[in-house]
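First the structure, in the form of structure tokens, and then the observations on it.
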Amino acid sequence: MRTYLSYLKGDPVIWIITLLMMAFSLVTVYSFVPILVKIEGGSPITYLSKHLVYVIIGFASMFAIHRIPSKYISQVAKFAYYVGLALLLFTLFFGAQLNGAGRWIRIPFINLTFQSSDFAKLALIIYLSKLLVRKQQKLNDWREGILPLMIPILVTFGLIIKENFSTAAMIFLLSMILLFIGRVPWGKLLTILTIGIAGLGLVVAVHLALPDAKILPRFDTWMNRINNRVEPTDQSIESIQANQQANNAKLAISVGSVFGQGVGDGKLKEFLPEAYADFYYATFVEEFGSVSAFVLVLLYLILLYRIIRFALKTNDLFQSYTSMGIGIHLLTQATINMLVCTGVFPVTGQNMPFLAMGGSALVMACVSIGVVQSFAKELPNNNQNESFSSKNDDQNQ
């Protein structure tokens, strides 16, 4: 075992948590897909096999990227950002429609889909971190410091919001957190937030004034979800269905009690259309119980702690900002999934990193960890390869 682990450099705790979650996801995906079998046919083995392909791709990507010197990640940051924009533009005009939204690119010949915003999020975090380092001495200047930071944020936000408001909002807030970490003055941050909110309000007003233009084609869906959460009085079919999903999620958590119903014995997962993704946490609690749910939350918190711990230790600002952004993004995504399942947030499309049924989200989460480990392996006294090699040498002697 140590021979294999010697190839995994960086923070060993991050490796252990990530690999445990990915392995455990194989169990939960097999258990959580009954409704998918009913709707689309096939068998649990079919979806498990598809998820296994994504797990393998994710691990291979994570391993390959963590072996790359961090300086090369910094050098390709701008290129990655432009690739992300190109993917978003392609999706905007030619994206595959799934669940009423055109967010995916269908990969020819292998019948797999890729959500371009997953790549764009990570690319923006890396590129924004590099810009923050470059503009460090100019953050008091709107033209030379702030504007170059805001352009990539607003362009990415604008390309995503049409089809995916929750992801666009999360990207904007995550970017604001990165700007705060990067020491952008408070006054400028508040001004940016005010302008952003006012700009969004203007876009909504234009959409309402010119509905035929379809500036925000999913606006009614967003409002229904918010209204259903705040005041569920709408009796439309979509409203009733959304309420039923949210209510079933809360009921699943209640039924799960302390120790859960057992693996494969959950019943409400058969009435949750996204039990394996958007409502993952609810199904998890139903089958594994609140004690396991507490352990799951603890694992995510430990993962964030280890990433932030490294970010505070490194002397490289680019590595620190990028790692902070990645850690906060992963925890935010998991938190939103939990808050949706418990009824605190309206229904959104955010799943659980490393655990939900595979796709671009799983692969890009793995790539994110690969980036962090690429940085972490260069930190003195944090090279796992050296530690395991020394143990092997001691044993051989």
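The values are calculated or read from the model by the stated rules, or taken from the named source; none is laboratory data. What you see is a predicted model; the values in this text were computed from it and never measured. FYI the Cβ positions are ideal-geometry reconstructions off the backbone, even for glycines, and counts take in every protein chain you see.
Values computed for the structure shown
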quantity	calculated
Within region 248-293, considering residues that are over 19 Å from the mean Cα position of the chain (by Cα) and of a type in the set (F, W, Y), the one nearest to S31 (Cα to Cα)	F288
Hits in region 321-335 (condition: farther than 13 Å from S368 by Cβ and surrounded by fewer than 22 Cβ atoms within 10 Å (Cβ to Cβ))	T335
Hits in region 254-302 (condition: surrounded by fewer than 22 Cβ atoms within 10 Å (Cβ to Cβ), of a type in the set (A, V, I, L, M, F, W, C) and more than 29 Å from P12 (Cα to Cα))	V255, V258, F259, F271
Breaking point among (1) surrounded by fewer than 24 Cβ atoms within 10 Å (Cβ to Cβ); (2) farther than 22 Å from I308 by Cα; (3) under 11 Å from the mean Cα position of the chain (by Cα), for L339	(3)
Candidates L5, L26 - the one that is surrounded by fewer than 20 Cβ atoms within 10 Å (Cβ to Cβ), modelled with pLDDT of 85 or more and in contact with a helix residue (DSSP H, G or I) (Cβ under 9 Å, 6 or more places away or on another chain)	L26
Every pair of residues 6+ apart whose Cβ atoms lie under 6 Å, when the first sits in region 291-314 and is over 16 Å from Q373 (Cβ atoms) while the second is surrounded by 15 or more Cβ atoms within 10 Å (Cβ to Cβ)	A293/V285; L299/I17; Y300/L331; Y300/A334
Region 31-51, residues that are touching a residue at least 60 places away in the same chain (Cβ under 8 Å) and part of a helix (DSSP H, G or I)	S31, F32, P34, I35, L36, K38, I39, Y47, K50, H51
